[in-house]
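Worksheet: the structure to be examined is printed underneath.
The values are calculated or read from the model by the stated rules, or taken from the named source; none is laboratory data. What you see is a predicted model; the values in this text were computed from it and never measured. Ideal geometry is used to build each Cβ from the backbone, glycine not excepted, and the neighbour counts take in all protein chains shown. Ligands, DNA and RNA are excluded from the accessible area calculation, which covers all protein heavy atoms including side chains. Shrake-Rupley method; radii C 1.70, N 1.55, O 1.52, S 1.80 Å.
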Amino acid sequence: RLSEDKKNIVVVVDKTCEIGGDGVVPHPAIGNARWLPVESFKKEGQVLNLQHERMREAVENQSPHVVIVDEISTRSEVEALRTMAQRGIRIIATVHGGSLPMLLHDPERAAIAGGCHT
């Protein structure tokens, strides 16, 4: 429903194609949202993706009000989220973890929830 409001520009950054589908045309479930699938490639035996670059592209080129992001897992993706938040963009994102304490103590992703201070 977010994307049905003409005042909202909604962008979906989709690393695993679980939100917009895996076809050339995005799944109808994302409505009028702009879909930015993330490409993966292999380099030196590792699978890499450029989700953080697509997140920055969404901010710089799409002027979104809302960004929906799939599976935040790296420091560069967290930094891209922080940039969005500083610009007043609403963020809906998933992050995998065994529990909230595990997430808060993870050096890559702790900043998403404000980190852990003792």
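The table below gives the values:
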{"read-out": "Qualifying positions in the range 62-72 - open to solvent by 60 Å² or more (accessible area, probe 1.4 Å) and at negative phi", "value": "HIS65"}
{"read-out": "Options ARG75, ARG54; residue that is under 16 Å from the mean Cα position of the chain (by Cα), open to solvent by less than 50 Å² (accessible area, probe 1.4 Å) and farther than 16 Å from ASN8 by Cα", "value": "ARG54"}
{"read-out": "Subset tally (residues that are more than 16 Å from GLU53 (Cα to Cα) and either β-branched (Val, Ile, Thr) or in contact (Cβ under 8 Å) with a residue 12 or more places away in the chain (or both)) for the range 75-90", "value": "3"}
{"read-out": "Residue list for the range 6-20, filter: over 17 Å from MET84 (Cβ atoms) and under 15 Å from the mean Cα position of the chain (by Cα)", "value": "THR16, CYS17, GLU18, GLY20"}
{"read-out": "Filter result for ALA80 (of a type in the set (Gly, Ala, Ser), at pLDDT 90 or above and either open to solvent by 40 Å² or more (accessible area, probe 1.4 Å) or more than 21 Å from ALA110 (Cα to Cα) (or both))", "value": "no"}
{"read-out": "Residue within the range 37-47 that is touching a Gly at 6+ places or on another chain (Cβ under 7 Å) and either closer than 23 Å to LEU103 by Cα or small (Gly, Ala, Ser) (or both) present", "value": "no"}
{"read-out": "Members of the range 45-96 found to be of a type in the set (Lys, Arg) and in a loop (DSSP other than H, G, I, E, B), listed by number", "value": "ARG87"}
{"read-out": "Residue, farthest from the chain's Cα centre (by Cα), within the range 21-39, restricted to residues that are over 17 Å from ALA80 (Cβ atoms) and not in a loop (DSSP other than H, G, I, E, B)", "value": "PRO28"}
{"read-out": "Number of the exception - SER3 against (1) in a strand (DSSP E or B); (2) within 18 Å of the chain's Cα centre (by Cα)", "value": "(1)"}
{"read-out": "VAL59 vs. criteria open to solvent by less than 40 Å² (accessible area, probe 1.4 Å) and in contact (Cβ under 8 Å) with a residue 60 or more places away in the chain", "value": "no"}
